[in-house]
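> Structure incoming, see below.
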Amino acid sequence: MRTPEPIRVLTRKRRCQHFFEAKYCGLQAIAFFLLLAISCTPSIAQDKAKIPRAIDREREAVEDPAEIDDKQGGDRLIEMDRGRWIDMVYGQLGGNEATFDQTYRRRVRLALNRIELICGISETLREKVQATAELESQRLKADILTLINDAPLRLTQKQYSDFYQRIWKLIQPYQSRMNQGNNQESEALWRKVLTTQLDEKQQKQITEDAAKRTAYREEVQRLETVLKITRRLGLNRDQRNNLDKQSQTHPNNWQNLDMAWNTLQALPDAEKRSWFTPFQLEQLKKPLETTNDLQVVIVVEE
Amino acid sequence: MNRSRLIVLTLITIATIHTAVLGQVAAVPIRAIAVNAANDPNLDREHNAKRWVRGLIQNELNTIQAVCGLSPEQIQKLVDIAEVQWRTKLLTAIRSYVESNNRNNVDFEQRVEKLVNSWLDPILTTEQRAKWDDEVSSRLEFRRRVVVGKMVMESEKRHGLTSQQMKDLEPILIDRWRDSWWAMYRSGSLPETKYSWVSAILSEAQQTNGNERAANRNEHYTSGGSHELPSRPLSERFELNGITSVESIPLDKIKEQENRPEDAPANADPAPADKDDPNPAEPE
């Protein structure tokens, strides 16, 4: 009588061994080739086509749809539309049409408020001048539209540059007035209208006040430069005061650090020796160091 | 046993193929790291920061000597403290500069001044201390003029002030002066002139115009240009009236920078590159 085969309870280890026994050999081979195939896929795929990645640094740059090759001429053509032209123009004037309107009106208001304080103007004149300014800005906007309506929509680089020059010529006076304030204001039509309505005394008062404000700004700029030279050379109070006096004689040379440094270097040796210590004189012989570091520039517009 | 070997071989094969494939990707960054290590821009930044800090300290020491007239013993104490403490006490400032790409964010000047001031307490006599405090307050006064002037200029543009209003605004800002304003100015910004401060001097029409600051203030960065920070080579000891820090205090150097011409001792022969210097130093 044949004794029944005992039930085999396979331990985990035993099951693993079992897996690799002959009867699993075929399965093992399949698994091996499968893994091998998975491993090789990237390298094979790399040869034929690149694997898409979230950030692919080697990917060829996608051509700007606005710039396409003209196969006939071989020249690079730029495609524009009215919207792009308008965005570009108002981008130069503060962002968009609404921003331009707002900034331009505000600038006129600020100037009129100031003039009112300096020499007094009537409400009627104020309204007249503001209406002129409004007309002026509307005229500019109409001119911009007219120009853009003539703008080519498919143009070469040279045609683009030429057309940009036409735009620039149109908007540049307004851009200067908005960015530089008083210096360019006198060219504005509203300012001319105002001037014709003011008497000589009032005009003189306005000119004098503008000169005083310019002098204030230059003075602060000069003091800032003196401060920088003080830092560079390590000046004490007396030396700084001497420098302050010296810089007042030619304030234009003290509007920035480079100009001031060159001015100081060019002074007669005897004069320099009377102001500075030997250590400072040695420092003064060296050129200013330069840096590639970023510098903050703050522009405050009216 | 043979099957076990087969498994091991399979795993090795897979690992080898993976390494070969991934290695192509990994090799580039590894090479890049190696190249960067050789030309590490941070080394330059660290070197510059240290030179500027030393230059500022040397200038401050010179000013102290000019104002207070230190004795040789006082000078020796001061330069020794400076040589020992300059790097450790200003490590945060130097590190901040190394890690940023904007010099304006790090106000070396004020930090150096505070540090040097802390060295003076055990060294100066009461009389010398009073002289130095007077010098420092005069310096702060000058700085205040500049910062307040800049703030007035900003208000002039923002509110359309007249020259008289600009003059009237000055004392208002001076009354409200805070030392932190100087730090803000040095970090490339300007303190805000609050509308409530200015409104007192504005006309009714100017007040109606309001304070539309955000839309009219534009900050941007530009790179490069001259700067006013003095620099001192790392190989030169602090020196006052011919007295240098004692030789037993080791100098701090960045190894990679030791051969730089600007770090060569003052009495050493000029490097050949100096012959081509377009701005050679004039002979005395």
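The values are calculated or read from the model by the stated rules, or taken from the named source; none is laboratory data. Model, not experiment: these values are computed from the prediction. So basically every Cβ, Gly included, is an ideal-geometry build from the backbone, and we count neighbours across all protein chains shown. Remember, those area values only see protein heavy atoms, side chains included, never the ligands or the DNA or RNA. Shrake-Rupley method; radii C 1.70, N 1.55, O 1.52, S 1.80 Å.
> For the stretch A:105-117, just list the computed ³J(HN,Hα) in residue order, Karplus coefficients 6.51, -1.76 and 1.60, θ = phi - 60°, integers in Hz, with x standing in for Gly and Pro.
4, 5, 4, 5, 4, 4, 5, 5, 4, 5, 5, 4, 6
> Using a 1.4 angstrom probe on heavy atoms only, work out the carbon and sulfur share of the accessible area of the stretch B:152-201 in %.
Details: 1020 of 2130 Å².
With neighbouring chains kept in place, the figure for the stretch B:152-201 is 48 percent.
> Name the long-range amide H neighbours of B:LEU90: under 5 Å, sequence gap of 5 or more, or other chain; modelled H, no Pro or chain starts.
none
> Just to confirm, what accessible area per residue do you get for the stretch A:76-199 at 1.4 Å probe, in whole Å²?
Numbers: 6250 Å² over 124 residues.
The answer is 50 Å² per residue.
> Here is a follow-up. Would you please give the FRET efficiency between A:ARG84 and A:GLU282, computed as 1/(1 + (r/R0)^6) with r the Cβ-Cβ distance and R0 = 60 Å, to the nearest 0.05? List each step's numbers first, then the result.
Numbers: r = 57 Å, r/R0 = 0.96.
In this case the efficiency is close to 0.55.
> Once B and A are treated as a pair rather than alone, how much accessible area drops out, both sides summed, in Å² to 100, probe 1.4 Å?
Numbers: alone 18510 and 21870 Å², together 33250 Å².
The contact between A and B buries close to 7100 Å².
> Still on this model: What is the set of long-range amide H partners of A:GLU289 at a cut-off below 5 Å, with H atoms built 1.01 Å from backbone N?
Result for A:GLU289 returns B:HIS227.
> With bins 5 Å wide starting at 0, give me the P(r) of the stretch A:86-209 over every alpha carbon pair, in whole percents.
Result, from short to long distances: 2, 10, 19, 21, 16, 11, 9, 6, 3, 2, 1, 0 percent.
> If I compute solvent accessible area with a 1.4 Å probe over the protein chains, what percent of it on the stretch A:217-285 is carbon and sulfur? Mind dumping the intermediate values first?
Numbers: 1440 of 3010 Å².
Summing carbon and sulfur atoms, their accessible area is 48 percent of the total for the stretch A:217-285.
> Which order do peptides A:101-113, A:225-237 fall in by mean Cβ count within 10 Å, highest first? Show your work: numbers first, answer last.
Values: A:101-113: 20.1, A:225-237: 22.4.
Order by mean packing, descending: A:225-237, A:101-113.
> Mind listing the long-range amide H neighbours of A:THR156? Cut-off is under 5 Å, sequence gap 5 or more, other chains count too, H placed in the peptide plane at 1.01 Å from N.
Here A:ILE78 satisfy the definition.
> Kindly report, to the nearest 10 Å², the accessible surface of A:LYS272 as traced by a 1.4 Å probe over protein heavy atoms only.
Approximately 20 Å² of A:LYS272 is accessible to the 1.4 Å probe.
> Just reorder A:GLU134, B:GLU135 by solvent-accessible area, largest first, 1.4 Å probe, all chains present. Walk me through the intermediate numbers first.
On the way: A:GLU134 55, B:GLU135 5 Å².
If we order A:GLU134, B:GLU135 from most to least accessible, we get A:GLU134, B:GLU135.
> Hey, another quick one. Which whole-Hz couplings ³J(HN,Hα) result when phi for each residue of the stretch B:52-65 is put into the Karplus expression 6.51 cos²θ - 1.76 cosθ + 1.60, θ = phi - 60°, listed in order with x for Gly and Pro?
So the J values, rounded to whole Hz, are 5, 4, 5, x, 5, 5, 4, 4, 5, 4, 4, 5, 4, 4.
> Follow-up. If we count every other residue with Cβ under 12 angstrom of B:THR244's Cβ, Lys/Arg +1 and Asp/Glu -1, where does the sum land? Mind dumping the intermediate values first?
On the way: positive: B:ARG237; negative: B:ASP80, B:GLU83, B:GLU236, B:GLU239, B:GLU247.
Within the 12 Å Cβ shell, the charges total -4.
> Another question about this same structure. For B:VAL136, what charge total do you get from the other residues with a beta carbon under 11 Å from its beta carbon, if Lys and Arg give +1 and Asp and Glu give -1? Can you show the working numbers first?
Numbers: positive: A:ARG237, B:LYS114, B:ARG129, B:LYS131, B:ARG139, B:ARG143; negative: B:GLU60, B:GLU113, B:ASP133, B:ASP134, B:GLU135, B:GLU141.
So the environment of B:VAL136 carries a net charge of 0.
> Hey, another quick one. If we count every other residue with Cβ under 11 angstrom of B:LYS89's Cβ, Lys/Arg +1 and Asp/Glu -1, where does the sum land?
Working: positive: B:ARG87, B:ARG111, B:LYS114; negative: none.
Combined, the nearby Lys, Arg, Asp and Glu give +3.
> I'd like the FRET efficiency for B:GLU73 and B:GLN164, computed as 1/(1 + (r/R0)^6) with the beta carbon distance as r and R0 of 60 Å, rounded to 0.05.
Details: r = 55 Å, r/R0 = 0.92.
Working from the Cβ atoms, E equals 0.60.
> Can you tell me the FRET efficiency between A:LYS141 and B:SER199 if r is taken as the Cβ-Cβ distance and R0 is 41 Å, rounded to the nearest 0.05? Provide the component values of the computation, followed by the final result.
On the way: r = 34 Å, r/R0 = 0.82.
Given R0 = 41 Å and the Cβ-Cβ separation, E is 0.75.
> In the stretch A:125-158, which residues have a backbone nitrogen under 11 Å from the label point lying 7 Å from A:GLN197's Cα in the Cα-to-Cβ direction?
A:125-133
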